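**Q** Before anything else, here's the structure in question.
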2 protein chains.
Amino acid sequence: MGYGETLKALADPVRREILVLLKSGKMTAGEIGRHFNMTGATISYHLSMLKNAELVFESKYKNFVYYEINASVFEEIILWLTQFGENKNENEK
Amino acid sequence: MGYGETLKALADPVRREILVLLKSGKMTAGEIGRHFNMTGATISYHLSMLKNAELVFESKYKNFVYYEINASVFEEIILWLTQFGENKNENEK
DNA sequence: AATCTATTTAGATAAACTTCTAAATAGATA
DNA sequence: TATCTATTTAGAAGTTTATCTAAATAGATT
């Protein structure tokens, strides 16, 4: 699997905002939803995109579903982006 | 301006492939196009997305348009992604 | 068991995106 | 100036995406 899904998941502003929310820790789908002016169904759709892209993972407790950032995939994307960065030929000096 | 446009530009596989091509240096729109099984019009559309996102910039010589990677914007995206990374609270130890 | 709460799934719709063909622009050359 | 080459713009068509409403699932509580 490649970066395609991950970058596509990052391309949506609602999903980016969800990720920023999750920086402060685990949250349930409902809590996340309350931060947006959208139906729970729509939030659920975005969460499934993020989960599919492995940017978050979920865990269940009672009838709640908790979402949490999966830091390691961010590292991978950063690594991929690095190839285009300014200091790519630093060692050629 | 935010990361929205840039991340949206990165979300398309053709555009990512164009960026990889450009790693080896400046290329004309035509040269880029020859690497894909698509019309010049379509390539032009993708190049305009990349330019708009400031991931590349263009320069003109004769009737050619050259495209080139703009490394600095990659740095910005990397910086934004870093907030979600593993070592975010390194200094709390 | 019946009902309540949290979340997801299905189906529909409107908007956005990718691609094409045909035409337009612009510089280079005969 | 007429024409050739390189690229972009305009308009159309098909596909994908984001959103909604309504219904389904699943665990918790009465």
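The values are calculated or read from the model by the stated rules, or taken from the named source; none is laboratory data. None of the values given here were measured: they were computed from a predicted structure. Cβ coordinates were reconstructed from backbone atoms using ideal geometry, including for glycine residues, and neighbour counts include every protein chain displayed.
**Q** Give the range A:23-40 a look and list any residue that's within 11 Å of DNA strand D (Cβ to nearest atom), assigned to a helix (DSSP H, G or I) and under 16 Å from A:D12 (Cβ atoms), or say none.
**A** Across the range A:23-40, the qualifying residue is only A:G33.
**Q** Continuing with the same structure: Here is a check on your reading of the model: is A:L10 modelled with pLDDT of 95 or more and within 18 Å of B:T82 (Cβ to Cβ)?
**A** So A:L10 passes the test.
**Q** Hey, among B:T39, B:T28, which residue is farther than 30 Å from A:V73 by Cβ and surrounded by fewer than 14 Cβ atoms within 10 Å (Cβ to Cβ)? If you could, list the steps in order and put the result at the bottom.
**A** Working: B:T28 fails: surrounded by fewer than 14 Cβ atoms within 10 Å (Cβ to Cβ).
The conditions single out B:T39.
**Q** If you check every pair at least six apart or on different chains, which have Cβ atoms under 9 Å apart with a residue in the range B:45-71 that is free of Cβ contacts under 8 Å to residues at least 40 places away in the same chain first and a residue that is charged (D, E, K, R) and surrounded by 18 or more Cβ atoms within 10 Å (Cβ to Cβ) second?
**A** Within 9 Å, the pairs are B:H46/B:R15; B:L47/B:R15.
**Q** With B:E58, B:E5, B:E86 as the choices, which residue is within 11 Å of chain A (Cβ to nearest Cβ) and within 15 Å of DNA strand D (Cβ to nearest atom)? Please lay out each step first, then the result.
**A** Values: B:E58 fails: within 11 Å of chain A (Cβ to nearest Cβ); B:E86 fails: within 15 Å of DNA strand D (Cβ to nearest atom).
One residue alone meets the criteria, B:E5.
**Q** Quick one: A:E76 ticks every box in (1) away from DNA strand C (no atom under 15 Å from the Cβ); (2) in contact (Cβ under 8 Å) with a residue 40 or more places away in the chain; (3) surrounded by 16 or more Cβ atoms within 10 Å (Cβ to Cβ) bar one, so which box is it?
**A** (3)
**Q** Would you please name the residue that is nearest to DNA strand C (Cβ to nearest atom), looking only at residues in the range A:41-64 that are more than 25 Å from B:T6 (Cβ to Cβ) and in a loop (DSSP other than H, G, I, E, B)? Full working, then the answer.
**A** To start, the set of residues in the range A:41-64 that are more than 25 Å from B:T6 (Cβ to Cβ) comprises A:41, A:44, A:57-64.
Right, trim to in a loop (DSSP other than H, G, I, E, B) and you get A:62-63.
Numbers: A:K62: 8, A:N63: 4 Å.
Only one residue fits best here, namely A:N63.
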